[in-house]
Amino acid sequence: MKLGFSTIGCPQWDWAEILGTAKDMGIDGLEIRGVEDEIDPMKITIFDAEHLEKTRTQLAQAGIEIAMIASSVVLGDPMGSREGEQQMVQAKNQIDFASQNGIPFVRVLLTLDPNPVPADLPAAKERYEQLCSYAANKNVRVLVESCGLLSDSAKLATFIADACPESRGVLWDIQHPFRNCAEKPKQTVANLGKEIRYVQVKDSVVDDNGEIEYRMMGLGDVPVYDAVKQLYQMGYEGYLTLEWLKRWRPELRDPDVIFYHFQTYMETLLAEIENEERM
């Protein structure tokens, strides 16, 4: 499996520090979720016409790929709404950009709120199928994240079932099915199987007030080991990407400590699972 981190974890870093850290860590890829003050991937300076070629060269020289564009596109607005149409335009622009730059995945959401809040599921399903059809010949998969009402992996499997097989897929955020639906990783993998194309990892506990408290890897109760073991047994070879939510939670620890700890923790965990499975 490959390791990466999301730029959501380092909102105060410029591109040079992001890329330099990734290279120093020796990770495989970066998930783009904003750079400095800009969250819209189509407005980030490194991707504009003036800087794009330089960015490509820098990535190639560092041996690092853009693993995914983690967009803010939401699908759950009511059918026919102006907001819903605007979201579709954004999504198609990002699919085109990903296709032109060899980026394999674009993430979309049912709702921005990761909790199971109301959304227009039939409208979202139709929009998702349209986006997958649009991406079908572009070598890009449109990944729906396992959050919100789609934290329930059985619902998520049904949600994507009618979309174009060549361009559909699931982003499994390990935390949300566990927190929102009390799902064990074995059940999530049983329901979604090979549709899991990308995995986000983080660790946390629920405090006495019922709020999620994010912690360094291994210091929470998210079943990361079990999830990765299920993925290993399934033959998954994709990304395990740290999503450290410092952009939204500035009180969280700084990324320079968190990122390196993630790398060490995950490399040790992967080695343990590999040794266990070989015995």
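Read-outs: derived from the displayed coordinates by stated rules, not from any lab. All figures in this text were calculated on a predicted structure; none of them were measured in a lab. Every residue, glycine among them, receives a Cβ derived from its backbone with ideal geometry; neighbour counts consider all protein chains shown.
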Checklist entry - Which of the following residues is basic (K, R), within 27 Å of L270 (Cβ to Cβ), buried (at least 20 other Cβ atoms within 10 Å of the Cβ) and touching a strand residue (DSSP E or B) at 6+ places or on another chain (Cβ under 9 Å): R141, R215, R179? => result R141
Next on the checklist: I need the full set of residues from the stretch 262-279 which are free of Cβ contacts under 8 Å to residues at least 60 places away in the same chain and either assigned to a loop (DSSP other than H, G, I, E, B) or under 18 Å from the mean Cα position of the chain (by Cα) (or both), in order please.
Outcome noted: M279
Checklist outcome for this item: Given the conditions (1) on the phi > 0 side of the Ramachandran plot; (2) outside any helix (DSSP H, G or I); (3) not acidic (D, E), every one holds for R247 apart from (1)
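Just to check your reading of the model, which residue among I66, I95 is part of a helix (DSSP H, G or I) and hydrophobic (A, V, I, L, M, F, W, C)?
Of the residues listed, the single one that is part of a helix (DSSP H, G or I) and hydrophobic (A, V, I, L, M, F, W, C) is I95.
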Next on the checklist: Return the residues of the stretch 182-198 that are in contact with an Asp or Glu (Cβ under 8 Å, 6 or more places away or on another chain) and touching a residue at least 40 places away in the same chain (Cβ under 8 Å); say none if nothing qualifies.
Outcome noted: K184, P185, K186
Next on the checklist: Based on this model, can you work out whether A91 counts as in contact with a Leu (Cβ under 9 Å, 6 or more places away or on another chain) and of a type in the set (G, A, S)?
Outcome noted: yes
Checklist entry - Which of the residues belonging to the stretch 203-261 are charged (D, E, K, R), more than 19 Å from K2 (Cα to Cα) and in contact (Cβ under 8 Å) with a residue 60 or more places away in the chain? => result K246, R247, D256
